[in-house]
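Notes to accompany the following structure.
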Amino acid sequence: MTSPTRSTPLHHAWQAIASLLDSLRPWAALAARLYVAQVFFLSGLTKLRDWDTTLLLFTEEYHVPLLPPALAALLGTAGEIGLPVLLVLGLAGRFAALGLSVVNVVAVLSLADIAPAALQQHITWGVLLATLALVGMERWSVDAWRASRRPPNA
C-alpha cells in the first residue's frame, strides 16, 4: 500500500536540503577531480625530475607484481602524468578514474611496509576515484559537454 505524499514542513525542509545538495554535486565532483589529479600529477612530476632515482626505487623499494622495474616505472609515471589531465578535463573521465584507481592499488601493493597514515591517504583517494568512476564527472566536464551535443537518437 502506498502512502500519499505529505505536504508537511519537514517534507518541504527535506526537499530544500535535497535540492541544495543536488545543486552542489558538480562542485563536489570538480573538487574531487582537482584534488586527486593534483596528488597523482605531482607524484608523476617527482618521478620525472629524477629518473635515475625513480628506476632505483622501482628496482629496490617498490615491488610491482608481474612487471619488470623499468616497465613499471614507465607505466606508473605515464599514468600519473596523463590520467590526471584527463580527470581534470573530464575527458574520458571514468576511464581516467579507473586508471588512477589501478595506479593507486598497485602503489599500495608494491610497498611492503606502508605507514598507516599513507595507507589512509590511499584509501581516501581510492574512495574519491571510485565515486567519480561510478557517478561520473557531472556537468562541468568535456564528457558532459560532448554528451549534450549528441543528437537524442545517437
- What are the residues in region 113-132 that are of a type in the set (Ser, Thr, Tyr) and either in contact (Cβ under 8 Å) with a residue 24 or more places away in the chain or within 23 Å of residue 60 (Cβ to Cβ) (or both), if any? 131
- residue 114: among the aliphatic types (A, V, I, L, M) and outside any helix (DSSP H, G or I), yes or no? yes
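Conditions (1) buried (at least 19 other Cβ atoms within 10 Å of the Cβ); (2) among the acidic types (Asp, Glu); (3) farther than 14 Å from residue 106 by Cβ; (4) in contact with a strand residue (DSSP E or B) (Cβ under 7 Å, 6 or more places away or on another chain), marked per residue:
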residue	(1), (2), (3), (4)
29	yes, no, yes, no
40	yes, no, no, no
54	yes, no, yes, no
61	no, yes, no, no
64	no, no, no, no
70	no, no, yes, no
75	no, no, no, no
79	yes, no, no, no
82	no, no, yes, no
- Selection from region 49-95 of residues modelled with pLDDT under 95 and touching a Ser or Thr at 6+ places or on another chain (Cβ under 9 Å) yields 61, 62, 63, 64, 65
- Tell me which of these residue 29 doesn't satisfy, since it passes every other one: (1) of a type in the set (A, V, I, L, M, F, W, C); (2) touching an Asp or Glu at 6+ places or on another chain (Cβ under 6 Å); (3) more than 16 Å from residue 138 (Cβ to Cβ). (3)
- Specify the residue that is nearest to residue 131 (Cα to Cα); the eligible residues are those in region 84-112 that are crowded, with 21+ Cβ neighbours inside 10 Å and touching a residue at least 24 places away in the same chain (Cβ under 8 Å). 97
- Looking at this structure, is residue 125 of a type in the set (Phe, Trp, Tyr) and crowded, with 17+ Cβ neighbours inside 10 Å? yes
- Okay, helices (runs of 4 or more DSSP H) sitting entirely in region 1-108 with 2 or more residues that are touching a Phe, Trp or Tyr at 6+ places or on another chain (Cβ under 6 Å), I get 9-49, 69-89
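The values are calculated or read from the model by the stated rules, or taken from the named source; none is laboratory data. Everything quoted here is computed from the prediction, not taken from an experiment. Here the Cβ is made from the backbone with ideal geometry for all residues, glycine too, and neighbour counts use every protein chain on show.
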